[in-house]
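Heads up: the structure comes next, in structure tokens.
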Amino acid sequence: MKLSGGDMLMRALREEGVKFIFGYPGGAALHIYDAIFNQKKIEHILVRHEQGATHAADGYARATGKPGVVIVTSGPGATNAITGLATAYMDSIPLVVISGQVASHLIGTDSFQETDMIGVSRPIVKHSYIVQKTEDIPAIINEAFHIATTGRPGPVVIDIPKDITAPENKFEYKKPAKVSLRSYQPKIHPHPGQIKKAAKAILSSERPVIYAGGGAIMGNASTQLKALNKILNIPVTNTLMGLGVYPANDKHFMGMLGMHGTYQANMAMHNADLILAIGARFDDRITNTPSKFAPDARIIHIDVDPASISKIINADIPIVGQVKESLDALIKEIKRSKIKIDSEAVSKWNDQIKAWTAMHGLDHEMYLKKSKSKLIMPQEVVQQVYRVTKGDAYVTSDVGQHQMFAAQYYHFNKPRRWINSGGLGTMGFGLPSAMGVKLAFPNKEVVCITGEGSIQMCIQELSTCLQYGLPVKIININNQALGMVRQWQDMNYSGRYAASTYEESLPDFVKLAEAYGHKGFKVTQRNKLGPTLEKAFALKDQLVFVDVYVDQSEHVYPMLVSPNGSMQDMWLSRGKKT
Amino acid sequence: MKRVLAMLVENKPGALARVVGLFHQRGYNIESLNVAPVDDGSYSRLTVTTRGTESAVEQIMKQINKLIDIIKVADLTEGEHHELELALIKIAKVNDLTSIKKIIKSMNGKVLKNDESACVISVTGTSIDINNLLKVLKKKKIIETVRSGSIGLHESKKTLTI
């Protein structure tokens, strides 16, 4: 049977196992939308802004490990998708973003709603295609999914001129052969010689640390990581992107490291004699000043992307390969090795970390303590959410102080539960990404921990949540200011709050939620926080917006001292340095 | 330090833009660029000259390799290699052709044209040779110059082929 380009596209997406498309129609995409209408297998989710579509697809991808799919129209539809593409690119999230383009004969004529999407998106995609022949659609879709999901994952853009999907032009649908690209063959298995070297280095170390990042989650290596540390019993820290890949409740877990990492995690990194980096990329929010990074440590770096290795910090033992396969090989080698780790030295090292934790570790039970202040501390909000959701929710977040508090105080014991924009730091990510997660897991609790700044960047998606019945819970940590900006202004600009407050212009979020057809609660008193959250989470079938007014003056600590600091140089509280 | 990078790139829409864009995105400069299809025409060979420390160049090469359309990349400066550039130079009419021919002889130089309007010569050589020649010709008032950018090839058995 012959198919139009639009129908081919839908069939090709179906063959990739796509269940949801997040999108927004428009002129150049209308043939495609007609093809969406004419089929039943894939559900289209109409967002209220294309940024929401990309973040929702991104949240879906992070939670499931499957690629997220987006369809937008040309011009403004395409450019609105750019922030979401950049977000996914920075965090290596598999997305396939299909953009309608003006008809082939109009390209380059500055026609209505024309934007060079391939050009605009070039630096923030793993790859991109412009479809030139309708018959190519099945093969391009197939290749795009292959590229988005293999190696170091990332977003792929497919730009389709309108004439390519015209209903009157029909072609035979040729099922594409298995993708084989001479120019793209990501490495899967690590070099055995490197694995041997790594095993030897680990087993000869006395102060080793495992530093695991988002790559370990993307590479589905949580089981391997736990198995490895069953043998080694050494301290583990996760990056912001890696939280959950190693269980937070394990005795060897030190919490997050880096800019707002725990005291013990940062101290351990600085004083380690060996760092085993797994799917992490030594970004500037981790290392602080690179020349002062972990002066005594030998570095083993496992990554599927060779360009991530020795980019910032030179790796003594680079291992290129899939994280899962590399850890399997490493475990095997360690078990086989005649050298045994010096358990006495390691136990001394573990004691040192316990001592650091006791000295300046985070207080995870602030909410239980009596305090003279009636003000709610933002950390308590996260702790209460953790308590009420029994630590088993999918938590999405936006960007700023609330994001760091969520990362510090919600203990993630499973991978893919913590969904946030780590690399790009995109405000507005939280709500739409929560929609994607909720669609993937309708029976799971999905919480968006956000702030009154971030939530307003994609607040329009409250309408989408009503249309598709997505009862996510939104916890708005409201400090009536752009908290992280304000913190920096406190610390570096003598408290001159340039454009970080709203005066009296904040909306009534309860009314706003109600206007969108949802439920809203406002909390201003400490003793009401727990009960209100319990009430909110008991409303299973409703989106509830809980607006919690918190202490405006609170800062996120610890915080690495920069510029020129090392990882052991931290602000521990206001005015107090290590 | 100057580096000569050679790469094989799929002849697909936008492939060259990805390579060129990458240099800018990662904060590196392209000093010269040469590109043309080779073999069956399904891919092109690019030669890029750039400057950078060893670790910077290693990072550029890794990033280039990450581009989906890149088949292979090599740093020719790592070993013995041939580097050649073609230049066309236009100067004012030359009365004494023998002296010019003498100057350009070692660079496979040819006088393509010499009349009242101008004298056009072609030369091939390393970038340094051509730089030097241009310095010499400066006295004769250069009207226009065009250079192909370096192309390069491993000298030894080492190859960059599919």
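The values are calculated or read from the model by the stated rules, or taken from the named source; none is laboratory data. In this text, all values refer to a predicted model and were calculated from it rather than measured experimentally. Please note: Cβ atoms are built from the backbone with ideal geometry, for glycine as well, and neighbour counts cover all protein chains shown. With ligands, DNA and RNA removed, areas are computed over all heavy atoms of the protein, side chains included. Shrake-Rupley method; radii C 1.70, N 1.55, O 1.52, S 1.80 Å.
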Are any residues in segment A:166-206 assigned to a helix (DSSP H, G or I) and either surrounded by 14 or more Cβ atoms within 10 Å (Cβ to Cβ) or at pLDDT below 95 (or both), and if so, which ones?
A:Gln194, A:Ile195, A:Lys196, A:Lys197, A:Ala198, A:Ala199, A:Lys200, A:Ala201, A:Ile202, A:Leu203
Return the residue satisfying two criteria in turn: it lies in segment A:61-70 and is open to solvent by 20 Å² or more (accessible area, probe 1.4 Å) and either among the charged types (D, E, K, R) or under 13 Å from the mean Cα position of the chain (by Cα) (or both), and of such residues it is nearest to A:Lys19 (Cα to Cα).
A:Lys66
Restricting attention to segment A:284-310, which residues are closer than 23 Å to A:Met90 by Cβ, open to solvent by 20 Å² or more (accessible area, probe 1.4 Å) and either without any contact (Cβ under 8 Å) to a residue 40 or more places away in the chain or within 14 Å of chain B (Cβ to nearest Cβ) (or both)?
A:Asp284, A:Pro290, A:Val304, A:Pro306, A:Ser310
Can you find, within segment B:51-66, the residue that is most open to solvent (accessible area, probe 1.4 Å) among those that are more than 8 Å from every other protein chain (Cβ to nearest Cβ) and closer than 17 Å to A:Arg152 by Cβ?
B:Met61
Listed by first then second residue, the pairs whose first member lies in segment A:108-125 and is more than 10 Å from every other protein chain (Cβ to nearest Cβ) and over 13 Å from A:Ile98 (Cα atoms), whose partner is open to solvent by less than 30 Å² (accessible area, probe 1.4 Å) and not in a loop (DSSP other than H, G, I, E, B), with beta carbons under 8 Å and at least 6 positions apart or on separate chains, are A:Gln113/A:Ala28; A:Gln113/A:Gly77; A:Glu114/A:Gln101; A:Thr115/A:Ala78; A:Val120/A:Ala78
Assuming A:Ile313 fulfils every condition listed in (1) touching a residue at least 12 places away in the same chain (Cβ under 8 Å); (2) within 14 Å of chain B (Cβ to nearest Cβ); (3) among the hydrophobic types (A, V, I, L, M, F, W, C); (4) open to solvent by less than 10 Å² (accessible area, probe 1.4 Å) apart from one, which condition is it?
(4)
Number of positions in segment A:249-273 that are assigned to a strand (DSSP E or B), open to solvent by less than 20 Å² (accessible area, probe 1.4 Å) and of a type in the set (A, V, I, L, M, F, W, C)
2
Cβ contacts < 9 Å: first residue open to solvent by less than 10 Å² (accessible area, probe 1.4 Å), restricted to segment A:152-164; second residue of a type in the set (A, V, I, L, M) and modelled with pLDDT under 95, any location; separation 6+ or different chain. Result?
none
Can you list the helices (runs of 4 or more DSSP H) lying wholly within segment A:298-394 that have 3 or more residues being among the charged types (D, E, K, R) and out of contact with any Lys or Arg (no Cβ under 6 Å at 6 or more places or on another chain)?
A:323-336, A:343-360
Are any of the residues in segment A:265-283 within 14 Å of chain B (Cβ to nearest Cβ) and either within 28 Å of A:Leu424 (Cα to Cα) or basic (Lys, Arg) (or both)?
yes
So which pairs qualify, if the first residue must be in segment A:354-375 and free of Cβ contacts under 8 Å to residues at least 40 places away in the same chain and buried (at least 16 other Cβ atoms within 10 Å of the Cβ), the second must be in a helix (DSSP H, G or I) and of a type in the set (Ser, Thr, Tyr), the Cβ gap must be under 8 Å, and the two must be at least 6 apart or on different chains?
none
Filter segment B:2-38 for residues that are assigned to a helix (DSSP H, G or I), closer than 21 Å to A:Gln132 by Cα and open to solvent by less than 60 Å² (accessible area, probe 1.4 Å); the one that is farthest from the other protein chains (Cβ to nearest Cβ) is B:Ala15
Among the residues of segment A:132-149, are any more than 10 Å from chain B (Cβ to nearest Cβ), closer than 17 Å to A:Thr73 by Cβ, open to solvent by 20 Å² or more (accessible area, probe 1.4 Å) and touching a residue at least 60 places away in the same chain (Cβ under 8 Å)?
no
Residues that are open to solvent by 90 Å² or more (accessible area, probe 1.4 Å) and aromatic (Phe, Trp, Tyr), at least 2 per element: which strands (runs of 3 or more DSSP E) completely within segment B:73-162 meet that?
none
Within segment A:485-512, can you find the residues that are outside any loop (DSSP other than H, G, I, E, B) and touching a helix residue (DSSP H, G or I) at 6+ places or on another chain (Cβ under 7 Å)?
A:Gln487
Out of the residues in segment A:480-524 meeting the condition of being in contact with a Leu (Cβ under 6 Å, 6 or more places away or on another chain) and small (Gly, Ala, Ser), tell me which one is least open to solvent (accessible area, probe 1.4 Å).
A:Ser500
Residue list for segment A:444-479, restricted to those being closer than 19 Å to A:Met427 by Cα and surrounded by fewer than 18 Cβ atoms within 10 Å (Cβ to Cβ):
A:Gln460, A:Ser463
Tell me the residue from A:Leu533, A:Leu543 that is open to solvent by less than 20 Å² (accessible area, probe 1.4 Å) and within 15 Å of A:Pro378 (Cβ to Cβ), please.
A:Leu533
Can you tell me which of (1) in contact with a helix residue (DSSP H, G or I) (Cβ under 7 Å, 6 or more places away or on another chain); (2) open to solvent by 20 Å² or more (accessible area, probe 1.4 Å); (3) under 16 Å from A:Met90 (Cα atoms) is the one A:Pro415 doesn't meet?
(3)
